[in-house]
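Asks: Dropping a structure here in structure tokens format, bear with me for questions.
Every number here is computed from the coordinates shown, using simple stated rules; none is lab data. Note that the coordinates shown come from a computational prediction; the quantities given were computed from them, not determined experimentally. When we count neighbours, we look across all protein chains shown, and the Cβ atoms used for this are built from the backbone with ideal geometry, even at glycine.
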Amino acid sequence: MAPEPTIDEIEEFKAAVWQNYRERGRRFPWRETTDPWAILLSEVMLQQTQTERVIPYWHRWVSLWPDPQALASAPFDRVLREWSGLGYNRRARYLVQTASLLVQNYQGHLPSDSGELEKLPGIGPYTARAIACFAFAIPSVFIETNIRSAFLHFFFPDQDGVGDRELIPLVERTLDRDWVRPWYWALMDYGAELKKISPNPNRRSAHYQRQSPFEGSLRQSRGAALKILSHEGSQDLGTLVRLTGIPEDRLALALSKLRDEGLVAEEGGYYGIPGGNGPKKTDDP
């Protein structure tokens, strides 16, 4: 365990973070709004997806479904079509479920309390606290990959296997409670900049995991099946194998898991999106 940082070290860290933000701060559209629903959409989309890929999707979703009421009433096959390409499609289902719960239980508004936010589908501790911070300016304490990089680089330069339990007190100690939104943006931008100029500091984290290859993965099979079903309507397994080029055993496993998660329904040997288009048989015009 590293020694407790001095006041001077804390101030040096904060100065470095703010200086980087002034000189190289990034601009994203979700940083230019305080609308809680738009911020929730961004935070869910940013889970496991790079920022540049998220931007066009975020713009489209905010335009199509500007509030929970709009998304809650949207056909799910349309929702999946608009999500296609972002990956980890369960997030689309979670967003629809979240929208419905917000309409039913919160009059269509997001709660500001992170504990209440965590009750929403697909919203874990990080996402809940990030929403509380960016939507409501609540000085929450949270950590994500770029924030983790910033603290590892500065306070643990020669230490491996550093757990978030060691970082969280530093996140709290350095938190600028008067400027909580820009402070977290600055932290994230500092961590992102470090990855460009030095080996990824997150490799020294106890929580670091290298992502498995996408090609040939179950994730690829799931995404390919959902893309076909959301665009072309229901299909049988043989047709899906032909259209995707994925081996039958792998595709069947992917469909089974999608069905268990409520992303796909099966009826009479045909797979489809719940509430979407009916079976599209081979003799259809």
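Asks: Normalise the Debye intensity by I(0) for the chain, one equal point scatterer per Cα, no solvent, then take log10 at q = 0.07 Å⁻¹ and round to two decimals.
Replies: -0.32
Asks: Could I ask something else about it? Classify region 35-136: rounded, prolate or oblate, from the alpha-carbon gyration tensor (a ≥ b ≥ c, eigenvalue square roots; a/c under 1.5 rounded; otherwise prolate if a/b is larger than b/c)?
Replies: oblate
Asks: Here's a follow-up. Once phi is turned into ³J(HN,Hα) by the Karplus curve 6.51 cos²θ - 1.76 cosθ + 1.60 with θ = phi - 60°, what whole-Hz value does each residue of region 239-251 show in order, with x for glycine and proline?
Replies: 5, 5, 4, 5, 6, 9, x, 9, x, 4, 5, 5, 5
Asks: Quick check: residue separation of Ala15 and Gln104 times 0.36 nm, minus the Cα distance between them. What number comes out in nm?
Replies: Difference between extended and current length: 27.5 nm.
Asks: By count of other Cβ within 10 Å, fewest leading, how are Val79, Val171 ordered?
Replies: Lowest to highest Cβ neighbour count: Val171, Val79.
Asks: Can you list the aspartates and glutamates whose alpha carbon is less than 18 Å from that of Lys195, not counting same-chain residues fewer than 8 positions off?
Replies: Glu23, Glu52, Glu144, Asp158, Asp160
Asks: I've got another one for you. If exposed trypsin sites (Lys or Arg not before Pro) are those in a DSSP loop with at most 10 other Cβ within 10 Å, what is the longest stretch of the chain that has none?
Replies: With trypsin sites (Lys or Arg not before Pro) excluded where exposed in loops, the chain gives 28-176 as its longest stretch.
Asks: Right, something else. Using the Cα centre as the reference, give the magnitude of the dipole from point charges on the C-beta atoms of the chain (Lys, Arg: +1; Asp, Glu: -1; all else neutral), rounded to the nearest 20 debye.
Replies: My answer is approximately 620 debye.
Asks: Would you work out which of Phe76, Gln97, Ala135 lies farthest towards the positive end of the dipole of region 35-136? Charges go on Cβ: Lys and Arg +1, Asp and Glu -1.
Replies: Phe76
Asks: Which residues in region 240-254 have a backbone N closer than 19 Å to a point placed 7 Å from the Cα of Leu218 along the Cα-to-Cβ line?
Replies: 241, 246-254
Asks: For Lys257, which aspartates and glutamates qualify as cross-link partners when the Cα separation must be under 18 Å and same-chain residues fewer than eight apart are set aside?
Replies: Leaving aside aspartates and glutamates fewer than 8 places away in the same chain, those within reach of Lys257 are Asp77, Asp236, Glu248, Asp249, Glu266, Glu267.
Asks: Using the Cα centre of the chain as origin and beta-carbon charges of +1 (Lys, Arg) and -1 (Asp, Glu), tell me which of Leu152, Trp185, Leu218 is placed farthest towards the positive end of the dipole.
Replies: Value computed over the given set: Leu218.
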